[in-house]
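Data first, discussion second: the structure below is written as structure tokens.
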Amino acid sequence: MILTTSDCIEWVSGTSRIIVTDHESSPIPEYTRFVCISDTHTRNFPVPDGDVLLHSGDLTDSGTLEEFEKTMDWICQLPHKIKIIIAGNHDLPLHADWYELNHLRCSIAEQDHSRILDVLKGKKAQDANVVYLQDEFHSFQVKEGGRTWSVYGSPWSPEFCNWAFNYTAAEGPPLISRFLISDILLTHGPPRNIFDRTTRRDFPGCRALSDALPRLRPRLHVFGHIHEAHGAHVHSWSKGHVGSVQNSKSSEPEPEPEEKEDISFRPVVVDMLD
């Protein structure tokens with residue numbers, strides 16, 4: 001996850017670039033609290049309260065209707081005023097074109113795409129203020145008369161064993177060139193060299209995405225996919241900056257990737273100035 005320095009509330013002393021918040025505290029009135037999760041894979045776990053829930057994909061293990069229903073039952077009952085979600089490579093039926101060609105090799109019965117979309121976008125989801133985005137832009141207000149926030153959500157990630165929502169290195173730049181400028185960028189896959197280090201010590205993040213970030217300049221970029229590469233990084237957009245984001249990363253080494261199974265179930269809480 002990347003956030004910009006102008007939105008920071010509290011800094012850890014010394015050279016650390018990680019923001020620390022007390023999940024039990026309430027945000028300052030001029031701030032909006034975003035609670036960020038990803039790769040929940042049908043699991044339920046405690047989530048801190050906040051104004052907006054952001055889920056950056058892999059809602060399920062394999063995309064069955066039952067898995068989507070379980071995940072959405074959980075998300076819908078969370079107290080956040082607005083919940084914005086995207087798919088990931090495990091949410092197989094949501095990539096309709098891919099699923100039509102590949103569902104026979106999946107080890108589950110063929111799923112009904114329209115019924116799954118109804119779970120994600122139907123009346124129950126609408127009543128709970130859940131917004132599902134698939135290469136879409138959305139704007140919303142949290143506080144009456146307050147700031148209008150914008151978010152762009154995309155489920156794609158670089159090719160890996162022909163999963164859903166995968167793209168090749170050649171397909172990445174034209175796909176990402178269609179991303180719209182927004183306050184919040186919600187992607188499933190990470191940029192290259194930013195929280196994409198695996199326990200195998202490789203870096204499968206997307207070069208095209210990291211190259212596009214200086215154009216997009218989100219106030220908050222939330223992504224997942226690489227479970228063990230959990231964390232947050234503060235980045236400053238300099239005027240006239242045209243280089244890749246990783247060129248101006250903090251000089252601190254990224255933490256060693258963690259192998260704990262529950263690493264995806266640690267929400268990151270971000271308070272941003274309205």
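Where a number appears in this text, it was derived from the coordinates with a stated rule and is not lab data. This is a predicted model, so every value here is computed, not measured. Note that each Cβ is placed from the backbone with ideal geometry, even for glycine, and that neighbours are counted across all protein chains shown.
Tell me which residues come under 5 Å, amide H to amide H, from Y31 once H is placed; ignore anything under 5 positions away on its chain.
D274
Starting with the fewest neighbours, write out L216, L92 ranked by other beta-carbon atoms found within 10 Å of each beta-carbon.
Sorted ascending by nearby Cβ count, the order is L216, L92.
Give the long-range amide H neighbours of A128: residues separated by 5 or more places, or on another chain, with amide H under 5 Å away, using H modelled in the peptide plane at 1.01 Å from N.
Long-range HN contacts for A128: none found.
Taking other Cβ within 10 Å of each residue's Cβ, how do T64, T148, T32 sort, fewest first? Each step should come with its number before you reach the end.
Details: T64 18, T148 10, T32 24.
Taking fewest neighbouring Cβ atoms as first place, the list is T148, T64, T32.
Considering only DSSP beta bridges where both residues belong to the range 31-160, give the percentage that are antiparallel (nearest 5).
On the way: 6 of 17 bridges.
Restricted to the range 31-160, the bridges split so that about 35 percent are antiparallel.
Could you work out how much longer the chain between L216 and W74 gets when fully extended? Use 0.36 nm per residue separation minus the Cα distance between them, nm to one decimal.
Values: separation 142, 0.36 × 142 = 51.12 nm, distance 3.17 nm.
Residue separation times 0.36 nm, minus the Cα-Cα distance, leaves 47.9 nm.
Short version: ³J(HN,Hα) in whole Hz for each residue of the range 174-183, in order, from phi by Karplus 6.51 cos²θ - 1.76 cosθ + 1.60 (θ = phi - 60°), x for Gly and Pro, what are they?
Per residue, the Karplus-derived 3J(HN,Hα) values read x, 5, 6, 5, 8, 5, 8, 5, 7, 5 Hz.
Can you work out the Karplus-derived ³J(HN,Hα) for every residue in the range 84-96? Use 6.51 cos²θ - 1.76 cosθ + 1.60 with θ = phi - 60°, whole Hz, and x for glycine or proline.
So the Karplus estimates, Gly and Pro as x, are 10, 10, 10, 8, x, 5, 7, 8, 3, x, 6, 8, 4 Hz.
Going by C-beta contacts inside 10 Å, put L117, L213 in order with the fewest on the left. Could you put the intermediate results ahead of the total?
On the way: L117 17, L213 22.
Lowest count first: L117, L213.
With unit charges on the beta carbon (Lys/Arg positive, Asp/Glu negative), name the residue among V142, Q111, V52 whose Cα is farthest towards the positive pole of the charge dipole of the range 50-145.
So the residue furthest toward the plus end is V142.
Considering amide H positions built from the backbone, and no H for Pro or chain starts, which residues 5 or more places from Y167, or on another chain, come under 5 Å of its amide H?
When sequence neighbours closer than 5 places are left aside, the close amide H contacts are S157, E159.
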